[in-house]
Every structure is written in structure tokens, then in C-alpha cells.
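The structure under discussion appears below in the form of C-alpha cells.
The values are calculated or read from the model by the stated rules, or taken from the named source; none is laboratory data. Just so we're clear, the structure is a prediction, and the values are computed from it rather than from any experiment. Here Cβ is always computed from backbone atoms with ideal geometry, including for glycine, and neighbour counts include all displayed protein chains.
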Amino acid sequence: MAGVLAILVLAFLCGCGSSSNGVASKSPAEILARATSAARHASSVHIQASSANGPLKLALDMSYAKNGAHGSVSLLGIDYQLIRIGDTLYVSGNSRFYRELARSLSGHAARAVARLPAGTWLTAEVGSGLGSGLAGITEMNSELALLLGRATPVARGAEKTVNGQQAIELKQTAKLYVGSLFIATTGKPYPILEHRTGRETGQTTFTNWNQPVNLTPPANATDISQLEHQT
């Protein structure tokens with residue numbers, strides 16, 4: 001009897017006894033709709049994405065919560081980190097990041113930002129110039145909507161194990177690529193993995209759904225509005 005109980009407890013802990021959530025039998029459009037709804041109602045997620053289209057290469061590693069996000073982005077040699085806590089955005093980057101940021105500013109602020117050493121943290125309100133330009137990538141629901149809505153599911157693929165989870169494949173087509181999006185078939189129907197081939201290649205993983213996300217402001221961040229008054 002004790003041996004049977006031990007097996008049942010182990011199955012519960014590892015999720016081996018999880019029952020189907022029913023999405024595998026749905027149409028591709030219904031599967032995507034259910035996955036999108038589940039993602040929208042989650043409290044947090046960790047997204048790692050890479051994409052390449054010729055010389056254009058993007059890498060993103062972000063942890064999202066409903067009240068903010070933190071992570072890093074790399075695009076065409078411009079590397080930067082972001083933290084958003086509520087309506088306050090913090091950002092730091094390499095030297096090229098500050099040079100490019102200065103192009104979007106004017107006067108004292110532009111000259112001051114262009115001279116900043118790599119790794120300097122700046123802060124701004126989300127609705128301000130800097131905040132409105134960079135804060136979008138820190139919004140969990142908008143980023144999920146972008147990632148899950150950019151291609152049309154055309155067929156249901158095979159069921160398989162992806163990153164240790166049972167999943168159903170959605171075959172996708174878009175102007176620049178064909179791809180596969182894998183949706184969990186046990187528990188909540190969360191997206192697990194998406195990969196693309198064609199003129200655009202890349203991969204996106206979705207992990208740590210509903211796990212705590214630590215959002216801590218960096219020390220000694222400079223309010224970008226203060227730079228407007230520097231000479």
C-alpha cells in the first residue's frame with residue numbers, strides 16, 4: 001500500500017497524471033484562440049526570442065508580470081536592458097545605444113545622453129518621450145499578442161513532447177516564413193515553443209508561466225528629464 005501511495009504522490013508532483021485540456025481535438029483557429037486567452041490571463045511569463053532576416057538580427061530575453069518586466073534586447077549591435085515597474089521605466093545600454101538614443105532627443109539632453117558611459121541607467125515615466133518609445137516591449141499582453149498573432153495557423157500537426165511538456169503543433173504560414181507553434185495539451189493551453197524557417201528564421205520559448213517576477217529598481221538611475229538642463 002505504501003508503495004502505491006508513493007507512486008501516486010510522485011505522479012502528482014511531476015505532473016504525469018495531468019489530464020488533457022481538450023485543445024488537441026480543436027481546429028487550428030480554436031487552439032490558437034484558447035492559447036491566446038490562457039496567455040492573456042496569466043500573471044507572468046518568461047519569453048526568450050531570436051529572429052534573423054538577412055543582416056537584421058534580434059534577440060530578446062524578458063520576464064513579464066502584469067505590473068512590469070525586466071530583461072534585455074539586442075538589435076543590430078544595439079544592446080540594452082530594461083526594467084519597468086508600474087509607470088516607471090529604467091533603461092541602460094552599450095555605447096551605441098546611447099548614441100542612437102541621442103538622435104531621438106534634442107538640445108542639452110541629446111548631447112548629455114551621447115556622452116554617457118556604457119551601463120548608465122536612465123529613468124523616465126512611461127508616457128514621456130523615452131518611456132513611450134521603449135516601454136511597449138515591456139508590456140506583457142501587447143508582446144504576447146504580437147508574438148501569437150503574427151501568423152495564421154493553417155493546419156494541426158502532430159502531438160509530441162516539447163521541452164518536457166505534451167503539446168500539439170500548429171503549422172503556420174506568413175509572408176516571410178513558415179513555422180510551428182506548440183501549445184500545451186495538459187493543464188492550461190499555454191504556448192510553449194514557436195520556431196520559423198524561410199526568409200525569416202527564429203525561435204521563441206515561453207516558460208515560467210505564473211511564476212514570481214522580481215522587479216527591483218537599479219541604484220543611482222538618472223531621470224532623463226534632468227539632462228535637458230545640463231550644459
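Answer with yes or no whether Ser44 is over 30 Å from Pro117 (Cα atoms) and at pLDDT 95 or above. In short, yes.
The sole residue among Ala118, Ala69 that is surrounded by fewer than 16 Cβ atoms within 10 Å (Cβ to Cβ), aliphatic (A, V, I, L, M), modelled with pLDDT of 95 or more and over 20 Å from Glu194 (Cα atoms) is Ala118. For Glu125, indicate whether it is of a type in the set (D, E, K, R), touching a residue at least 24 places away in the same chain (Cβ under 8 Å) and under 23 Å from Asn220 (Cβ atoms). It is true that Glu125 is of a type in the set (D, E, K, R), touching a residue at least 24 places away in the same chain (Cβ under 8 Å) and under 23 Å from Asn220 (Cβ atoms). Looking across the stretch 196-224 at every residue that is in contact with a strand residue (DSSP E or B) (Cβ under 7 Å, 6 or more places away or on another chain) and small (Gly, Ala, Ser), the one that is surrounded by the fewest Cβ atoms within 10 Å (Cβ to Cβ) is identified as Gly198. If Ser132 passes every condition in (1) modelled with pLDDT of 95 or more; (2) more than 17 Å from His46 (Cβ to Cβ) but one, which one does it miss? Tallying (1) modelled with pLDDT of 95 or more; (2) more than 17 Å from His46 (Cβ to Cβ), Ser132 fails exactly one: (1).
Criterion first (in contact (Cβ under 8 Å) with a residue 60 or more places away in the chain, within 21 Å of Glu30 (Cβ to Cβ) and buried (at least 18 other Cβ atoms within 10 Å of the Cβ)) does Ile168 satisfy it? Judged against the criteria, Ile168 is a match. Residues that are in contact with a strand residue (DSSP E or B) (Cβ under 6 Å, 6 or more places away or on another chain) and either buried (at least 21 other Cβ atoms within 10 Å of the Cβ) or in contact (Cβ under 8 Å) with a residue 24 or more places away in the chain (or both) within the stretch 181-195 comprise Leu181, Phe182, Ile183, Ala184, Thr185, Thr186, Pro189, Tyr190, Pro191, Ile192, Leu193, Glu194, listed in sequence order.
Let's see how each residue does on (1) within 18 Å of the chain's Cα centre (by Cα); (2) within 24 Å of Asn53 (Cα to Cα); (3) not hydroxyl-bearing (Ser, Thr, Tyr):
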{"residue": "Lys160", "(1), (2), (3)": "no, no, yes"}
{"residue": "Gln165", "(1), (2), (3)": "no, no, yes"}
{"residue": "Ile168", "(1), (2), (3)": "no, no, yes"}
{"residue": "Lys171", "(1), (2), (3)": "no, yes, yes"}
{"residue": "Ala174", "(1), (2), (3)": "no, yes, yes"}
{"residue": "Ala184", "(1), (2), (3)": "yes, no, yes"}
{"residue": "Gly187", "(1), (2), (3)": "no, no, yes"}
{"residue": "Tyr190", "(1), (2), (3)": "yes, no, no"}
{"residue": "His195", "(1), (2), (3)": "yes, yes, yes"}
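Comparison of Leu101, Leu60 shows that the only residue that is surrounded by 15 or more Cβ atoms within 10 Å (Cβ to Cβ), free of Cβ contacts under 8 Å to residues at least 60 places away in the same chain and not acidic (Asp, Glu) is Leu101. Which of the residues spanning the stretch 31-53 are free of Cβ contacts under 8 Å to residues at least 12 places away in the same chain and not hydroxyl-bearing (Ser, Thr, Tyr)? Passing the criteria: Ala33, His41.
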